[in-house]
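Report on one structure; see the data block that follows.
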Amino acid sequence: MKKLLSCFCFLFIFSCSGYKPIFSTKDMNFNINRIENINSNNTTNRIIRSIRSYKLDNSKKNYSLKINSTNKNEITSRDSKGDPQTYRIIIDVTVDVFEDDQNLFLNTINITKEFTYSYQINQFNLSQYKKNIIENLIFKISEEIILKLQLM
């Protein structure tokens, strides 16, 4: 029984060799030549850093991007004393896509991501948690931008 189970596991592991990353840069059909930061805030700079790796030389489509983002932190609920209980982070990103050869406007990509989290007494832990939330939201936004550019 153990031999049969081990053979099955061995075959299962080695038969799943069709893994291919979705966001691999060598299979992209576009190139981002220029990225312009409209409002020069930290969120937009992080998005640009994560997209910058998709600058390739040999592709058919060449795009220029203008990125604008806003970052809001709201109090969503309070306790009976008036102290905040939960917060919400909202990141709103607008990307204007231009064809680089003729500087022709193609499309506008609007992405809004939000996350609600609870208040913590320890302010250091709260700030670290907030930084992690923002990094995760920026990563998701960057993936969505790349995916939409790939579909254009």
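See the values below:
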item	result
Subset of the stretch 97-109 (residues that are touching a residue at least 12 places away in the same chain (Cβ under 8 Å) and either farther than 18 Å from Ile35 by Cβ or hydrophobic (A, V, I, L, M, F, W, C) (or both))	Val97, Phe98, Leu106, Ile109
Test for Leu147: is it loosely packed, with under 14 Cβ neighbours inside 10 Å and not basic (Lys, Arg)	yes
Qualifying residue in the stretch 108-117 (condition: assigned to a helix (DSSP H, G or I), touching a Lys or Arg at 6+ places or on another chain (Cβ under 7 Å) and closer than 26 Å to Lys61 by Cβ)	no
Residue ID - nearest to Ser127 (Cα to Cα), chosen from residues in the stretch 46-63 that are open to solvent by less than 40 Å² (accessible area, probe 1.4 Å) and touching a residue at least 60 places away in the same chain (Cβ under 8 Å)	Ile47
Qualifying residues in the stretch 110-125 (those that are within 22 Å of the chain's Cα centre (by Cα) and free of Cβ contacts under 8 Å to residues at least 40 places away in the same chain) - the one farthest from Asn33 (Cα to Cα)	Tyr117
Check on Lys81, among the basic types (Lys, Arg) and over 23 Å from Leu151 (Cβ atoms)	yes
Failed item in (1) at pLDDT 90 or above; (2) out of contact with any Lys or Arg (no Cβ under 7 Å at 6 or more places or on another chain); (3) under 29 Å from Tyr54 (Cα atoms); (4) outside any strand (DSSP E or B), with Asp92 passing the rest	(4)
Some residue of the stretch 69-82 being assigned to a strand (DSSP E or B) and closer than 21 Å to Ile32 by Cα	yes
Every pair of residues 6+ apart whose Cβ atoms lie under 7 Å, when the first sits in the stretch 67-87 and is within 20 Å of Asn122 (Cβ to Cβ) while the second is among the hydrophobic types (A, V, I, L, M, F, W, C)	Asn73/Ile89; Pro84/Ile75; Tyr87/Ile75
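Yes or no, residue by residue, for (1) touching a helix residue (DSSP H, G or I) at 6+ places or on another chain (Cβ under 8 Å); (2) surrounded by 13 or more Cβ atoms within 10 Å (Cβ to Cβ); (3) among the aliphatic types (A, V, I, L, M):
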{"site": "Thr44", "(1), (2), (3)": "no, yes, no"}
{"site": "Leu65", "(1), (2), (3)": "yes, yes, yes"}
{"site": "Lys72", "(1), (2), (3)": "no, no, no"}
{"site": "Thr76", "(1), (2), (3)": "no, no, no"}
{"site": "Lys81", "(1), (2), (3)": "no, no, no"}
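The values are calculated or read from the model by the stated rules, or taken from the named source; none is laboratory data. Model, not experiment: these values are computed from the prediction. As a convention, Cβ positions derive from the backbone with ideal geometry for all residues, glycine included, and neighbour counts pool all protein chains shown. Accessible surface is based on the protein model in full, side chains and every heavy atom, while ligands, DNA and RNA are left aside. Shrake-Rupley method; radii C 1.70, N 1.55, O 1.52, S 1.80 Å.
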